[in-house]
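What follows is a set of notes on a single structure, which appears directly below.
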């Protein structure tokens, strides 16, 4: 749509905006049709056409819903005051955030498997790189927080019972404990090959999603 960071949207679809919620309501009411935005940029007023798209979004209650979006977020004209928590408080907040990421990741995976949201929402290395670049421009704190989220998600994936991942090795140890002997080397190699194939297919599919998202 030609929007840039720092643009101030004064009106949408001919309606003056006084809050970000006004823009959200106008976009939802558009039903996906192209609407004009009046944007203030560097002292000049521009009119930019934008076409909303449908995406699966967090509904705030642990689920997902289909929403019409234009891919922008509101920002305050003033920087809010920040407070540095005590070390022990920061640790507690970090643990709380970690479990929130795990819960959201599992809910998202369940929604994809059940068909509640589309598999096109999976993001691969290109999508992660794009988000990382955008977050880095917001400051070090936001970037470090994103690294924590990505690390937690990767750690969770590594615990899945898929051969070649740590979760798969744990399952093999359980089988060995139950049988009194480890699985045969041939069985392990076969399982590892399947696990590697699944991971590669997932990476290819996620990268394809990234490319299609960038093209569109």
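The values are calculated or read from the model by the stated rules, or taken from the named source; none is laboratory data. Values in this document were obtained by computation on a predicted structure and should not be read as measured data. Positions of Cβ are generated from backbone atoms using ideal geometry, with glycine treated the same way; all protein chains shown enter the neighbour counts.
Couple of notes before you dig in:
- Residue match in region 85-100 (condition: outside any helix (DSSP H, G or I), more than 30 Å from residue 215 (Cα to Cα) and at pLDDT 80 or above): yes
- Region 31-57, residues that are at pLDDT below 80 and surrounded by 14 or more Cβ atoms within 10 Å (Cβ to Cβ): 52, 55, 56, 57
- Residue in region 167-180 that is at pLDDT below 85 and not in a loop (DSSP other than H, G, I, E, B) present: no
- Any hit, region 204-216, residues being touching a strand residue (DSSP E or B) at 6+ places or on another chain (Cβ under 9 Å) and within 30 Å of residue 51 (Cβ to Cβ): yes
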